[in-house]
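Visitor: Supplied in structure tokens, the structure appears directly below.
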């Protein structure tokens, strides 16, 4: 027996027992924001105001206070009765459904000692339409899958930036065995971390590590936009520990951006900004009236940025994030 999920404003859909709210919404054509799909980030957080539900997996992306106030994570939460839910519904995105596509490694080369650039070639007849900012899962033997952001705008090839993880299941492959023409499978596109409602706004990117990959793709998209569809301004704050962590030339793409490199463990000779990207941005005392912030990278940065920007007055709907949660990559 299906349960009825009411989102308000006339939006309703059915959810089968054991089905996540996120999957049920997608099946009904309702787009909810999401990222990790494993209960570890909080992108898909929504609030249940009536009805009963159960968590299929731990909701580690929520605080105890949030849980007490009725917040749940749609990617791992299933209805056990009819529900009334407060959720951020994303309209008008027209995102392509995920599908499994074979691909081959066309090129693989290091960008930094612990970052590998992988270019994947898709079959000539493959239909793989994605939005810059989305990600894919690489499917490996033994039911292993790992998520990687797409680092280029739409094209016949897919670029990934892969960070090495100690004892990682796939890291051993990427950094020791992967070679040109290897056959792989990917599932995607996935995620809702895409440009929306940014025309005429002050667009700010906060990135750490390989969180620059989706930013690179979105900068390429902005560079191709008509003038009336572009943001009023674009700023990129990219953080790392030391200079080798900033492995890509942000100004290689001309989207009219201002680039601020930030190091948290800089040497004495570093003349740039020091600390954390969100703190450096807020230290500029920015006018948040037209700001839209996209944060991507390690989970600690994303959470800290969301908290700090909310306290500074940024409306929650203008903070968009893709937290890289830990995995055996």
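Visitor: Got a sec? How would 192, 208 order by Cβ neighbour count within 10 Å, fewest to most?
Guide: Starting with the residue having the fewest Cβ neighbours, the order is 192, 208.
Visitor: Still on this structure, I have one more. Only one of the listed values, (1) 1.00; (2) 1.06; (3) 1.48, was derived from the coordinates as Cα Rg over 2.2 N^0.38 Å; which label is it?
Guide: (1)
Visitor: How big, on average over all directions, is the shadow cast by the Cα convex hull of the stretch 261-311, in nm²?
Guide: Values: hull surface 16.1 nm².
It is 4.0 nm².
Visitor: Say R0 is 35 Å: what FRET efficiency, to the nearest 0.05, do residue 154 and residue 178 get from their beta-carbon distance?
Guide: Numbers: r = 24 Å, r/R0 = 0.69.
So the FRET efficiency works out to roughly 0.90.
Visitor: Where in the stretch 277-306 is the amide nitrogen less than 16 Å from a point lying 7 Å along the Cα-to-Cβ axis of residue 233?
Guide: Counting backbone N atoms under 16 Å from the label point, the list is 280-294.
Visitor: Here is a follow-up. Cα centroid distance between the stretch 1-38 and the stretch 129-174, in Å?
Guide: Between the Cα centres of the stretch 1-38 and the stretch 129-174 lies a distance of 27 Å.
Visitor: Right, something else. Listing 276, 57 from the residue with the fewest other Cβ atoms within 10 Å to the one with the most, what is the order? Don't jump to the answer; show the numbers that get you there.
Guide: Numbers: 276 20, 57 14.
The most exposed by this proxy come first: 57, 276.
Visitor: Let me ask something else about it. Can you give me the distance in nm between label points at residue 27 and residue 88, each placed 7 Å from the Cα along the Cα-to-Cβ direction?
Guide: Between residue 27 and residue 88, the simple spin-label model gives 2.6 nm.
Visitor: If each Cα of the stretch 3-86 is one equal point scatterer, what is log10 of I(q)/I(0) from the Debye formula at q = 0.15 Å⁻¹?
Guide: Rounded to two decimals, the profile gives -0.44.
Visitor: Evaluate the distance, in nm, between pseudo-label points positioned 7 Å from the Cα of residue 307 and of residue 12 along their respective Cα→Cβ axes.
Guide: Rounded to a tenth, the inter-label distance reads 4.0 nm.
Visitor: Moving to a separate point now. For the stretch 107-253, state the average projected area of the convex hull of the C-alpha atoms over all orientations, rounded to one decimal in nm². List each step's numbers first, then the result.
Guide: Values: hull surface 38.4 nm².
So the Cα hull casts an average projection of 9.6 nm².
Visitor: Next question, about the same structure. What nm value, rounded to one decimal, do you get for the distance between residue 199 and residue 259 when each label is placed 7 Å out toward the C-beta?
Guide: 2.9 nm
Visitor: Cα centroids of the stretch 283-329 and the stretch 68-112: how far apart, whole angstrom?
Guide: When both Cα centres are located, 18 Å separates them.
Visitor: Now for a separate question. How high is the relative contact order of the chain? Use alpha-carbon pairs under 8 Å, at least six apart in sequence, and give a whole percent.
Guide: Averaging sequence separation for qualifying contacts and normalising by length gives 15 percent for the chain.
Visitor: Also: Within the stretch 265-287, whose backbone N sits under 17 Å from a point 7 Å along Cα→Cβ of residue 243?
Guide: Zone members listed by number: 265-275.
Visitor: Using per-residue counts of other Cβ atoms within 10 Å, averaged over each peptide, order 120-127, 146-153 from highest down. Before the final figure, lay out each step's value.
Guide: Numbers: 120-127: 12.5, 146-153: 23.0.
My ranking of the peptides, most packed first, is 146-153, 120-127.
Visitor: Treat the count of other C-beta atoms within 10 Å as a stand-in for reagent exposure and order 221, 197, 64 from fewest to most. Don't jump to the answer; show the numbers that get you there.
Guide: Working: 221 19, 197 11, 64 7.
Placing the least packed residue first, the sequence is 64, 197, 221.
Visitor: Among 114, 279, 269, determine the one that fluctuates most according to a GNM of the chain built with springs between C-alpha atoms less than 10 Å apart.
Guide: Maximum fluctuation in the GNM of the chain, among the listed residues, is at 269.
Visitor: Something else now. Which of 183, 170, 309 moves most in a GNM of the chain, Cα contacts under 10 Å?
Guide: Ranking 183, 170, 309 by mean-square fluctuation puts 183 first.
Visitor: Something else now. I need the shape label for the stretch 202-324. Rule: rounded when a/c is under 1.5, else prolate if a/b > b/c, else oblate, with a, b, c from the alpha carbon gyration tensor.
Guide: It is oblate, given that a/c is not under 1.5 and a/b is not larger than b/c.
Visitor: On to the next question. For the chain, modelled as a GNM with alpha-carbon contacts under 10 angstrom, which of 240, 176, 18 fluctuates the most?
Guide: With Cα springs under 10 Å in the chain, the top fluctuation among 240, 176, 18 is at 176.
Visitor: For a protection proxy built on the mean count of beta-carbon atoms within 10 angstrom, sort 251-258, 82-89 highest first, please.
Guide: Details: 251-258: 14.2, 82-89: 17.5.
Result, highest mean Cβ count within 10 Å first: 82-89, 251-258.
Read-outs throughout are calculated quantities, based only on the coordinates presented, and are distinct from any laboratory measurement. Nothing here was measured: the structure is a model prediction, and the numbers come from that model. Using ideal geometry, Cβ is built from the backbone for each residue, glycine included, and neighbour counts are taken over all protein chains shown.
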